[in-house]
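First comes the structure, then the notes that go with it.
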């Protein structure tokens, strides 16, 4: 029996297809580049097709335009393994972070229904925030356990920020630590907790239990 792949849904629609830029990439030759989108609405899983003539099945029934089902519904695109669409936990997150890539890499951190807000779009600190937010988003979409979600290896971060291709130097480690310190300081200045950014030996993340990823813009 073919195992399913778990995808966690929130209100923001996720694009599903074979294209590398989709939110959920389904690598199968029978799947079109952008075949469907899925999201959470009124306690249900909702799926809409994206102008495709290829069959899209939700719990075994063909989606003609838009269909809804309960959490745990199986979505079938082409001949690929089914996707198990589950609704995100009903527990409200304290804050929502959005990864920003236009006009520059950065983040937007907001308190739902509150006044606290932080937008970073310039400099290495903003780029670091973007990389952490993007990983949190990707891990939440694929349903990673909270203890594993959001972590980015320091070598990967340094490589993205400074183009490091070999072993990390002390200077690069120090520079990364400075970026993490500055990101925490900017969080604190905006009224957020410094602990939203968690640093352990050789890895860093936004805490997924406190920060919900809204998506990328």
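The values are calculated or read from the model by the stated rules, or taken from the named source; none is laboratory data. Keep in mind the model is a prediction, meaning the values are calculated, not measured. So basically every Cβ, Gly included, is an ideal-geometry build from the backbone, and we count neighbours across all protein chains shown.
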Worksheet entry | Single match in 132, 161, 120 (criterion: farther than 30 Å from residue 83 by Cα, at pLDDT 85 or above and crowded, with 21+ Cβ neighbours inside 10 Å) | 120
Discussion item. Could you tell me how many of the residues in the stretch 1-30 are closer than 22 Å to residue 97 by Cβ, in a loop (DSSP other than H, G, I, E, B) and free of Cβ contacts under 8 Å to residues at least 60 places away in the same chain?
Written reply: 4
Item to complete: Using the structure shown, decide if residue 46 is surrounded by 13 or more Cβ atoms within 10 Å (Cβ to Cβ) and modelled with pLDDT of 85 or more.
Response: yes
Worksheet item: If only one of 71, 33, 89 is at negative phi, modelled with pLDDT of 90 or more and part of a loop (DSSP other than H, G, I, E, B), which one is it?
Response: 71
Worksheet entry | Residue satisfying all of: in the stretch 140-154; surrounded by fewer than 18 Cβ atoms within 10 Å (Cβ to Cβ) and at pLDDT 85 or above; nearest to residue 72 (Cα to Cα) among these | 148
